[in-house]
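S.K.: Just dropping this structure here.
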Amino acid sequence: MDFSTIRGWNDGRQADALGCFLKTAERAVEKPHSTKSLGADGQALADIGQKALEQFGNRSDISDLAARSFFEENFQPFEIRDQGFITGYFEPELLASRTRSDEYSVPIYRRPPDLADINDDTRPNEMDPYFMFAREEQGNFSSYHNRREINQGALDGRGLEIFWLKDPVDCYFMHIQGSARLILTNGTTQRVSYAAKSGHPYSAIGKYLVSINAMKLEDVTMATLKQWLRDNPTQMFAAMEGNQSYIFFQETILDDPDLGPVAAGGVPLTSGCSLAIDHKMHTFGTPIFVNSQDSLPGEENPFSRLMIAQDTGSAIVGSARGDVFIGSGDRAGEIAGAIKFGAEFIALFPRNQSVAQ
């Protein structure tokens, strides 16, 4: 494509996207991201990142015009012709305790020492190729405990709990988001972020509730899902355990409260600019322009902006599938939960690299 043919390009807030790109550049110049099947060349992105750091450095006065010119000079836009779809995610803020009590009884677990990374070379032949984690026992690999087994006590007594929450529903949705800001009982704030997962495929709870006629597809939002679970306590765990994937967390420092957690791409997320993508297809650091006919809650103009691929997720599958990081807290959660938009995806590849058609 030509930039002039991209709807909304000349009206976009490219300065925000450039600031997000600079965060990725700081990491990529030290260690370029690996090139994925559809994505931009990792080394070429790192080279452009170095150029961006030299040109803009730590400037806080970058204009949209200057940022737009930089992207146009260094990138070539390509339309992704697959049907696009975006959702939203956020960082919950939850009350938590470092010690268990009657009030705080839902555990957040750190990564177990017997959970190992596996790949095509080490994965047992009988195990689904989807699995990237497995249980290791004396050099042998098997599938790890799933959500139901962990809820029933498979990890009890191992000292893996790092925090305790009040509500199993909040804990479940924290697993979906992959991070949280915890407001501790002593008044301090702590962040937890994704460390690993059990390896099992992710299964959306909304699809399950639709399949049992508990909810209509058009009514599925984060708010309606939470409400159904709390209104149906006898069915709550069975519904959540339909998603066998289980997430483990690690404590991280809350350096800048304006930034999100450090994502899979190795940099902190930026509200409204960071995009989670299918990392089997897209290279981290790729700028992607997302156009939708739908609008964010509270906004009139359709969602249209340049974003940077900085994260991934189990539910994000396909060349034109994205998850927009909205920010932290309840309001961000309300907005994120309402995003179910069809969208056009336009990937920006470094100029002069080869591109698969």
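S.K.: Rounded, prolate or oblate, given the Cα gyration tensor of segment 269-324, with a/c below 1.5 counting as rounded?
M.R.: prolate
S.K.: Right, another one. Across segment 62-78, in residue order, what do the Karplus-derived ³J(HN,Hα) couplings come to in whole Hz, using 6.51 cos²θ - 1.76 cosθ + 1.60 with θ = phi - 60° and x for Gly and Pro?
M.R.: These are the phi-based 3J(HN,Hα) values: 5, 8, 4, 5, 5, 5, 4, 4, 5, 5, 5, 6, 10, 10, 10, x, 10 Hz.
S.K.: While we're looking at this one, here's another question. Could you work out how far apart the two model spin labels at Q227 and N301 are, taking each label as a point 7 Å from the Cα in the direction of the beta carbon, and quote it in nm?
M.R.: Distance between label points: 3.2 nm.
S.K.: Going by average Cβ neighbours within 10 Å, how do the peptides 315-323, 181-189 rank, with the highest at the top? Please report the intermediate quantities before stating the final value.
M.R.: Details: 315-323: 20.6, 181-189: 13.6.
Result, highest mean Cβ count within 10 Å first: 315-323, 181-189.
S.K.: Which of G139, G84, G329 moves the most in a Gaussian network model of the chain with Cα springs under 10 Å?
M.R.: G139
S.K.: GNM on the chain, C-alpha springs below 10 Å: top fluctuator among C171, C273, C20?
M.R.: Among C171, C273, C20, the largest mean-square fluctuation in the Gaussian network model of the chain belongs to C171.
S.K.: What does the helix-only formula give at 222 nm for the chain: each DSSP H stretch with n ≥ 4 adding -39500 (n - 2.57), the total divided by the residues, and the result rounded to the nearest 500 deg cm²/dmol?
M.R.: For the chain, the value works out to -7500 deg cm²/dmol.
S.K.: Please report how far the C-alpha centroid of segment 301-320 lies from that of segment 166-194, rounded to the nearest whole angstrom.
M.R.: Using only Cα atoms to place each centre, the spacing works out to 24 Å.
S.K.: What FRET efficiency comes out for E93 versus E251 if R0 is 22 angstrom and r is the Cβ-Cβ distance? Round to the nearest 0.05.
M.R.: It comes out at approximately 0.90.
S.K.: For segment 103-252, what does the alpha-carbon gyration tensor say about shape, rounded, prolate or oblate, given a ≥ b ≥ c as the root eigenvalues, a/c under 1.5 as rounded, and a/b over b/c as prolate?
M.R.: Taking the square roots of the gyration eigenvalues as a ≥ b ≥ c, segment 103-252 is oblate.
S.K.: Would you mind pulling out the separation of the Cα centroids of segment 97-155 and segment 197-261, in Å?
M.R.: Between the Cα centres of segment 97-155 and segment 197-261 lies a distance of 18 Å.
S.K.: Run the numbers on segment 103-252 and let me know its relative contact order in percent, using alpha-carbon pairs under 8 Å that are six or more apart.
M.R.: 31
S.K.: Select from G159, G88, G265 the residue whose mean-square fluctuation is largest in a Gaussian network model of the chain (Cα-Cα springs shorter than 10 Å).
M.R.: So, out of G159, G88, G265, the one fluctuating most is G159.
S.K.: On to the next question. For a quick protection proxy, order the peptides 242-252, 111-121 by their average other-Cβ count within 10 Å, most packed first.
M.R.: Top to bottom by mean Cβ count within 10 Å: 242-252, 111-121.
S.K.: Can you list the trypsin sites (Lys or Arg not before Pro) in segment 227-306 that are in a DSSP coil and have 15 or fewer other beta carbons within 10 angstrom?
M.R.: Taking segment 227-306 and a limit of 15 other Cβ atoms within 10 Å, the loop trypsin sites (Lys or Arg not before Pro) found are K280.
S.K.: Sticking with this structure for a sec: Can you pick out the pairs among K166/K226; K166/K340; K23/K51 whose Cα atoms lie more than 21 Å from each other?
M.R.: Beyond 21 Å: K166/K340.
S.K.: At 7 Å along the Cα-to-beta-carbon direction for both Q83 and S211, put a label point, then send me their distance in nm to one decimal.
M.R.: Each label point lies 7 Å from its Cα, and together they span 2.0 nm.
Here, each number is a calculation from the coordinates, and none is a lab measurement. Everything quoted here is computed from the prediction, not taken from an experiment. Counting neighbours? That spans all protein chains shown, and the Cβs are built from the backbone with ideal geometry, glycine included.
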